[in-house]
Structures are given as C-alpha cells and as structure tokens.
1. For LEU43, work out the one condition from (1) surrounded by 11 or more Cβ atoms within 10 Å (Cβ to Cβ); (2) touching a Phe, Trp or Tyr at 6+ places or on another chain (Cβ under 9 Å); (3) at pLDDT below 85 it doesn't fulfil.
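The values are calculated or read from the model by the stated rules, or taken from the named source; none is laboratory data. What you see is a predicted model; the values in this text were computed from it and never measured. Counting neighbours? That spans all protein chains shown, and the Cβs are built from the backbone with ideal geometry, glycine included.
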Amino acid sequence: MENKVIVQKILRSLPMRFDAKIFVLEERLDLENINMDELHEILIAHEMRTNQDNSTKRGDDFMAYKKAGKIKQ
C-alpha cells in the first residue's frame, strides 16, 4: 500500500478534535511526500499542545473560582 493512502486513511480516522489540524496539514503539506513518522510527530505535538492549553485553562479557572470565595481554604 502506498504511503499516501495510509496517511489519508489515518487522517480520516482521527477524532473530530483533530479537524483543524487535519485541515492545515491538507492545505500546507504535500501529503504524498509525508511519511508515517512525520505524521506521528505532528499529531503528537498537536495533542501535547492541546492538553497543555487545557490544563492551564483549568488551573486558571480554579484560581478564579477560589479568589471569588467559592472555595474555603
């Protein structure tokens, strides 16, 4: 099976939270020349950034809630 076909199948199988990243990949990269390792690295980096953003936001939300006096120390 060609590398291009495998990459396309993987991109189609990803959850909806990757839709924006998939769109960027399809627009910016030549998917015929991307290999599995490169795709894996790109998706892992995206997931790590997304998780980092979510954990920072949750921490900020907690601190705002605490400052509002909703949580007793």
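1. With (1) surrounded by 11 or more Cβ atoms within 10 Å (Cβ to Cβ); (2) touching a Phe, Trp or Tyr at 6+ places or on another chain (Cβ under 9 Å); (3) at pLDDT below 85 applied to LEU43, the lone miss is (3).
Conditions tested, residue by residue: (1) in contact with a strand residue (DSSP E or B) (Cβ under 9 Å, 6 or more places away or on another chain); (2) aromatic (Phe, Trp, Tyr); (3) modelled with pLDDT of 90 or more.
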| site | (1), (2), (3) |
| --- | --- |
| ILE10 | no, no, yes |
| LEU25 | no, no, no |
| ASP30 | no, no, no |
| ARG49 | no, no, no |
| LYS57 | no, no, no |
| TYR65 | no, yes, no |
